[in-house]
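Participant: Here's a structure for you.
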Amino acid sequence: MGLLSGTSADGIDAVLLEVQEIRGSRWPDVQVEAFRCHPFPDDARERILAAASGRAGSPDLTRLRRDLGEWFGEAVGVLLEGAGVDASTVEAVGCHGQTVWHQPPEDGAPGSSLQLVDPSVLAAMAGIPVVHDFRSADLAAGGEGAPLVPWPDRILFSRPEESVALQNLGGMGNVTWLPPREVEDPPLAFDTGPANALLDVCAGLASGGRLRFDPDGAMARAGTVDDALLDRLLGDPFFQREPPRSTGRERFGPELVRRLVQERGLMPGRPGAATEPGWNDLAATFAALTVESVARALERWVLPLGVDRVILTGGGARNPVLEEGLRARLDPLPVETGRPALGMDPDAREAAAFALLAWAFLRGVAGNVPRCTGAGRPAILGSWTPAPTRSRPWPFAHGRPASGSEGHAFPTSAGARVPGAP
């Protein structure tokens, strides 16, 4: 099982996978057995966003960590009950938890990252062992600790004779380029910049907290892009950084939006503010920033590798302003959305990735891709918390893993060079 709450803090995505190793094949067969989204109540989301913006103290973080363990545990129970599956048949839960701070390596300083969840509470409630803390091993190897989805994406979404770019539009945007299934080149993945994060904060401030996001892109569509502000935002040094790279709400989040709101003399929470030109122009500019930063990143580093189609995932894929903007900006390259394009519910993609990373952990298989994270070596990702009711509490109690301990099932350093990289 895979569990995830993304940077938008909308709720918990829970997925159950059946993974079967096929003799003689480097690709396991993966089937989605069940998937469910569990929205966070408003008060829970506010506590998470307070932690992610640095406004929560140690007591708040401690309690939130415990509560997240319970919320994730409840999500497991609901999914299994709905699927008619007994917890004893689930090998492990891969839980990424809730990211509240992510600081990539910079200026020679190592990176650090904090995901909140109490794995012992989760394991006890679910009755299933938990693999968690996926970023730390890659950070310890000198990497960014992100992105973590390229290895699972390669297994789940590679296609015969076709190169695909999966562009996720969550709180942050990230892209995974996948070569054809029969080619042994590793994937390429990196963060493109903000996707929904700035739009979400803008909508929340304008509405006095009544809106979590810009529904149907209404605010952005009603506004006019401020070209001078857009150029200023695109001047952030992050957008010029070569992959590997990652970012978060620390850079593109509430602090940036509040600064711009104050600079432009806007009044948060005033009745009807979400329909006022000033707020709409700001939303339109944030949407344009997402579209342009994604398009430029793809044009510079991804399209030169060869791309047959772009598939949009994440909440932003349902924002018609972002979807239409990317279709126009990337024309004539096909830009697709939805289950038919991906082959599974797009909302299940990242939770499925952490289910597969837990599967890899149990087999001693490295789950990072150094080409994507900048790590100095492949690393087995995750830490293990046993379930108190299981008779075999430790995954490797009876010897070394059965297979895969030599590292990746496919190369991570050979293959096409990142365009523009040294």
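Participant: Under 8 Å between Cβ atoms, at least 6 apart or on separate chains: pull out the pairs that start in region 361-390 with a residue that is more than 18 Å from H96 (Cβ to Cβ) and end on any residue that is surrounded by fewer than 24 Cβ atoms within 10 Å (Cβ to Cβ) and among the charged types (D, E, K, R).
Facilitator: Note: pairs meeting the criteria are G364/R400; P370/R377.
Participant: What is the number of the single condition among (1) open to solvent by less than 30 Å² (accessible area, probe 1.4 Å); (2) closer than 28 Å to C37 by Cβ that A288 does not meet?
Facilitator: That leaves (2) as the condition not met.
Residues checked against (1) at pLDDT 95 or above; (2) of a type in the set (G, A, S); (3) open to solvent by less than 40 Å² (accessible area, probe 1.4 Å):
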position: T385; (1), (2), (3): yes, no, yes
position: R392; (1), (2), (3): no, no, no
position: A397; (1), (2), (3): no, yes, no
position: R400; (1), (2), (3): no, no, no
position: F410; (1), (2), (3): no, no, yes
position: R417; (1), (2), (3): no, no, no
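Participant: With T89, T99 as the choices, which residue is under 27 Å from W384 (Cβ atoms) and either of a type in the set (F, W, Y) or in contact (Cβ under 8 Å) with a residue 24 or more places away in the chain (or both)?
Facilitator: Selected residue: T99, the only one of T89, T99 that is under 27 Å from W384 (Cβ atoms) and either of a type in the set (F, W, Y) or in contact (Cβ under 8 Å) with a residue 24 or more places away in the chain (or both).
Participant: Going by what's in this entry, would P152 be described as in contact (Cβ under 8 Å) with a residue 12 or more places away in the chain, open to solvent by less than 30 Å² (accessible area, probe 1.4 Å) and part of a loop (DSSP other than H, G, I, E, B)?
Facilitator: Criteria not met by P152.
Participant: Residues that are closer than 21 Å to D138 by Cβ: find the helices (runs of 4 or more DSSP H) completely inside region 184-263 holding 1 or more of those.
Facilitator: No helices (runs of 4 or more DSSP H) qualify here.
Participant: On to the next question. Mind telling me which of the residues A353, A341 ends up being open to solvent by less than 30 Å² (accessible area, probe 1.4 Å), at pLDDT below 95, part of a helix (DSSP H, G or I) and not β-branched (V, I, T)?
Facilitator: Selected residue: A341, the only one of A353, A341 that is open to solvent by less than 30 Å² (accessible area, probe 1.4 Å), at pLDDT below 95, part of a helix (DSSP H, G or I) and not β-branched (V, I, T).
This table checks each residue for (1) of a type outside the set (G, A, S); (2) open to solvent by 10 Å² or more (accessible area, probe 1.4 Å); (3) closer than 22 Å to V369 by Cα.
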residue	(1), (2), (3)
G57	no, yes, no
R66	yes, yes, no
G108	no, yes, yes
L114	yes, yes, yes
A124	no, yes, no
R135	yes, yes, yes
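Participant: Turning to a different aspect of this structure: Among the residues of region 28-62, write down those that are closer than 26 Å to G208 by Cα, assigned to a helix (DSSP H, G or I) and over 19 Å from the mean Cα position of the chain (by Cα).
Facilitator: We begin by selecting, within region 28-62, every residue closer than 26 Å to G208 by Cα; these are 37-57, 60-61.
Okay, now just the ones that are also assigned to a helix (DSSP H, G or I), so 42-52, 60-61.
Of everything in region 28-62, those that are closer than 26 Å to G208 by Cα, assigned to a helix (DSSP H, G or I) and over 19 Å from the mean Cα position of the chain (by Cα) turn out to be D42, D43, A44, E46, R47, A50, D60, L61.
Participant: Further question: Can you name every residue in region 6-32 that is without any contact (Cβ under 8 Å) to a residue 60 or more places away in the chain and surrounded by 15 or more Cβ atoms within 10 Å (Cβ to Cβ)?
Facilitator: Selection gives G11 alone.
The values are calculated or read from the model by the stated rules, or taken from the named source; none is laboratory data. Values in this document were obtained by computation on a predicted structure and should not be read as measured data. Positions of Cβ are backbone-derived with ideal geometry, glycine not excepted, and every protein chain shown enters the neighbour counts. Only protein heavy atoms, including side chains, enter the accessible area calculation; ligands, DNA and RNA are left aside. Shrake-Rupley method; radii C 1.70, N 1.55, O 1.52, S 1.80 Å.
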